[in-house]
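**Q** A single structure is presented below for examination.
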Amino acid sequence: MTEINEKTINQFFKAEKKEIEDNGFSRRVIRHLPDRSKKLSDIWSIFCSAITIILFFIFKAYEVILNILREAFNGAMETGIAHLDLKSLLIVGVVLIGFGVKKVCQLE
Amino acid sequence: MSQLNDISLVAQVVVFKNTRAFDELVKKYQSAIRRFFLNQTLGDSELSDDLAQETFIKAYINIASFKNLSNFSTWLYRIAYNVFYDYIRTRKETAEIDAREVDAIHNTEQENVGQKMDVYQSLKTLKEVERTCVTLFYMEDVSIEKIAGIIGCPTGTVKSHLSRGKEKLAVYLKQNGYDRN
């Protein structure tokens, strides 16, 4: 490697060194930062939940649900009350409460 | 002064998660990092921008681990180097191709980089690690000690890579009439 070659290589690379314009690159990076994405996703979730709750009351969805429950209860009372097994009902209740407690403990 | 400013910006990002401070760091170093990837990928601007974006996101996630033992730019180059070699490794694993073929795949020059063709053609003659050492040393003015820190090897190895790279470049430049300048 001669002195001239070293100098030539230096000049060759220096001549090719150009500044690259940002052209929206930094904006794109900031948009993709994880915390920011999480914040945007949280805001979106809250917004969607709020819309759902408002629509729920505007269209009186609670009345539909109440009617369904009432009909189901009445149906069960009319047909199933005679064959109701209190022991089985108690076991099912205990199991469901057990599952509920376990789930709550896991959440904590 | 510049380093103090960097430290202040980094502190704002670490403590307050200040994205504006990080935006300033991105604006300051985007040119150098994108140019680094352009040289490594031999002018593939789309791939370079994707890898540069990944570099900055990784820097943001791990910014608390920046211990100020080196310049912020050196730390950033180290992440960029790891991002590029992770990319190459994935390509090699998925395509089961050798280094020459990887070079060929990277060599997807864009029409808008015509004026840079010579530099990419010359870099094509080098191995990836030689390319990294040569471009950091000659184009970005990074010292041999810092290059050693970036690529994680002794300074002697960097000197060997530089020496081999220079020999190959000298041949290319002679063949293309640069010795007459």
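**Q** Does B:Lys174 satisfy the condition of being farther than 23 Å from B:Phe72 by Cβ, more than 10 Å from chain A (Cβ to nearest Cβ), in contact with a helix residue (DSSP H, G or I) (Cβ under 9 Å, 6 or more places away or on another chain) and surrounded by fewer than 18 Cβ atoms within 10 Å (Cβ to Cβ)?
**A** Criteria not met by B:Lys174.
**Q** So in the stretch B:63-92, with the set limited to residues that are surrounded by fewer than 15 Cβ atoms within 10 Å (Cβ to Cβ) and assigned to a loop (DSSP other than H, G, I, E, B), which one is modelled with the lowest pLDDT? Break it down into steps so the answer makes sense when it comes.
**A** Applying the first criterion (surrounded by fewer than 15 Cβ atoms within 10 Å (Cβ to Cβ)) to the stretch B:63-92 yields B:64-65, B:67-69, B:86, B:89-90, B:92.
Retained after the next criterion (residues that are assigned to a loop (DSSP other than H, G, I, E, B)): B:67-69.
Details: B:Lys67: 82, B:Asn68: 74, B:Leu69: 71.
Within the stretch B:63-92, the match that is modelled with the lowest pLDDT is B:Leu69.
**Q** It is to be established whether one or more residues within the stretch B:125-133 are more than 16 Å from B:Thr41 (Cβ to Cβ) and not in a helix (DSSP H, G or I).
**A** Scanning the stretch B:125-133, I find no residue that is more than 16 Å from B:Thr41 (Cβ to Cβ) and not in a helix (DSSP H, G or I), so the answer is no.
**Q** Looking at B:Val142, B:Val102, B:Val158, which one is more than 14 Å from every other protein chain (Cβ to nearest Cβ), modelled with pLDDT of 90 or more and surrounded by 14 or more Cβ atoms within 10 Å (Cβ to Cβ)? Quick ask: steps written out before the conclusion?
**A** Working: B:Val142 fails: more than 14 Å from every other protein chain (Cβ to nearest Cβ); B:Val102 fails: modelled with pLDDT of 90 or more.
Only one candidate passes the filter, namely B:Val158.
Yes/no per residue for (1) in contact with a strand residue (DSSP E or B) (Cβ under 8 Å, 6 or more places away or on another chain); (2) within 14 Å of another protein chain (Cβ to nearest Cβ); (3) at pLDDT 90 or above:
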residue	(1), (2), (3)
A:Lys18	no, yes, no
A:Asn23	no, yes, yes
A:Ser26	no, yes, yes
A:Ser37	no, yes, no
A:Ile43	no, no, no
A:Leu69	no, no, no
A:Glu78	no, no, no
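**Q** Evaluate the stretch A:86-95: report whether one residue or more is surrounded by 10 or more Cβ atoms within 10 Å (Cβ to Cβ) and either within 14 Å of another protein chain (Cβ to nearest Cβ) or part of a loop (DSSP other than H, G, I, E, B) (or both).
**A** Scanning the stretch A:86-95 turns up no residue that is surrounded by 10 or more Cβ atoms within 10 Å (Cβ to Cβ) and either within 14 Å of another protein chain (Cβ to nearest Cβ) or part of a loop (DSSP other than H, G, I, E, B) (or both).
Results for (1) within 14 Å of another protein chain (Cβ to nearest Cβ); (2) under 13 Å from the mean Cα position of the chain (by Cα), shown as yes or no for each residue.
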| residue | (1), (2) |
| --- | --- |
| B:Leu9 | yes, no |
| B:Thr19 | yes, no |
| B:Phe22 | yes, no |
| B:Ala32 | yes, yes |
| B:Ile63 | yes, no |
| B:Ser73 | no, yes |
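**Q** From A:Ser45, A:Ser41, A:Ser49, grab the single residue that is under 25 Å from B:Gln53 (Cα atoms) and of a type outside the set (D, E, K, R).
**A** None of the others qualify; the one that does is A:Ser41.
The values are calculated or read from the model by the stated rules, or taken from the named source; none is laboratory data. This is a predicted model, so every value here is computed, not measured. Neighbour counts run over all protein chains shown; Cβ positions are idealised from the backbone, glycine included.
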